[in-house]
Amino acid sequence: MLDQNELIRYNRQLIIPDFGEEGQRKLKDSHIVIAGIGGLGCASATYLTAAGVGQITIVDFDTVELSDLNRQILYWEDEIGEKKVVVAQRKLSKLNPSVEITPIFAKITKENVLSIIDRSQVVVDGLDNSATRLVVNSACIKKKTPYVYGGVSRLRGMITTIIPGQTPCLACLFPEGDSGLGVIGVTPAIIANLQALEVIKLLTGHSPSLAGKLLFFNGDDIKFRVHEIRRNESCPVCSQVLLQQEEKEQ
Amino acid sequence: MRVVIMPGFSELIIVANPTQEVTREGMLSIVMPWLYAPWPNAKEKGIIEMEIDGDTLRALLAELAAKYKEANVELQPINPTTNDLDFDYDVLVNGKNYVALVDGLDAKLKDDDTVKVKILWRWDG
């Protein structure tokens, strides 16, 4: 049941016919992990907290730096040097006190990733490098947890929603590319808000729009392109043969 | 210049003026079917043959971009503003990055040169 305060707070989304109280209850009963609380993570965490996702675990091992402030909108100048997850928890809890925000100050590794994403219904990508993304991707495939990839640089970004066993995973695509190319602050906000929308759809039982699709955003000329992507049957992470073997071994 | 194009994972593999038959042997399944957009009938065989007006890497990339544009797909390795490679792509010739070629994008392609056009991913956050 939603209380009177919640009925008022979420009114603008409750009146959407396909969402309603049932959708809000689903969000309230959900647990998600936001891996990385930088440019992408700050924006997705803000909107998912505001939307009323019940439990949000935020994971990051960084502290706030001056160079973060062009895009990481949860952090302010007087918080430089503080742990990002602590500052983010403080701000997000003020935004919506009914959401349980759990901060984890840690670097995501092969060793801890399964315990970090345990019991989460969706993992949201807020990372800034390919290696950790592939670690998270692999864990999500093992746990059968949807993973909403998002990545940016300069004025461009990409998103895909990975549904284990159904859509391509990151490893299917042999992704290559550089990081550290710089970014205009609004680019991660655009990508992260689309990720947040995918998360809300997943949590409320609607079909995600970017499952099996790769969205390219180009802010140079404000163009969005969406292309179909297919699973690599020989993927070293998500091929059915491999997963069946692992299940047998367990 | 005659080229043979093979869409790969997130890349195009192109052989310039092949002197031998080009096959997809060793290449796995296709995960980006939209790379076939200009040549829908080539999906099954997985090999596209095309004539390029010119013999440089730049001519090849420009003609590819034009082909994709005709199919309403944006695949434009040469950035029209900088006239250099766009940072969404990487181009290798026989495994070497194009910047290592003496003439860069204006390098002339020789028979059997293999060009890889890779679509790069975004990793920053």
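Worth a mention:
- Positions within the stretch A:140-158 being of a type outside the set (A, V, I, L, M) and at the interface with chain B (Cβ under 10 Å from one of its Cβ atoms), in sequence order: A:Y149, A:G150, A:G151, A:S153, A:R154, A:R156, A:G157
- Complete set of residues in the stretch B:5-22 that are in contact (Cβ under 8 Å) with a residue 60 or more places away in the chain and in a strand (DSSP E or B): B:E11, B:L12, B:I13, B:I14, B:V15, B:A16
- Scanning the stretch B:1-39 for residues that are of a type in the set (V, I, T) and either within 14 Å of another protein chain (Cβ to nearest Cβ) or within 24 Å of A:S234 (Cβ to Cβ) (or both) turns up B:V4, B:I5, B:I13, B:I14, B:V15, B:V22, B:T23, B:I30, B:V31.
- So A:N137, is it in contact (Cβ under 8 Å) with a residue 40 or more places away in the chain, more than 8 Å from chain B (Cβ to nearest Cβ), on the phi < 0 side of the Ramachandran plot and under 11 Å from the mean Cα position of the chain (by Cα): no
- All positions within the stretch B:96-125 that are in a loop (DSSP other than H, G, I, E, B) and within 23 Å of A:A131 (Cα to Cα): B:L120, B:W121, B:R122, B:W123, B:G125
- Applying the condition of being within 12 Å of A:D60 (Cα to Cα) and of a type outside the set (A, V, I, L, M, F, W, C) to the stretch A:83-113 and asking which residue is surrounded by the fewest Cβ atoms within 10 Å (Cβ to Cβ) yields A:K107.
- Some residue of the stretch B:40-47 being closer than 25 Å to A:K223 by Cβ and away from chain A (no Cβ under 12 Å): yes
- A:K213 vs. criteria among the charged types (D, E, K, R), closer than 21 Å to B:N79 by Cβ, surrounded by fewer than 20 Cβ atoms within 10 Å (Cβ to Cβ) and in contact with a strand residue (DSSP E or B) (Cβ under 8 Å, 6 or more places away or on another chain): no
- Residue match in the stretch A:166-183 (condition: of a type in the set (D, E, K, R), modelled with pLDDT under 95 and out of contact with any Pro (no Cβ under 7 Å at 6 or more places or on another chain)): yes
The values are calculated or read from the model by the stated rules, or taken from the named source; none is laboratory data. Small disclaimer: the values here were computed from a predicted structure and weren't measured. Every residue, glycine among them, receives a Cβ derived from its backbone with ideal geometry; neighbour counts consider all protein chains shown.
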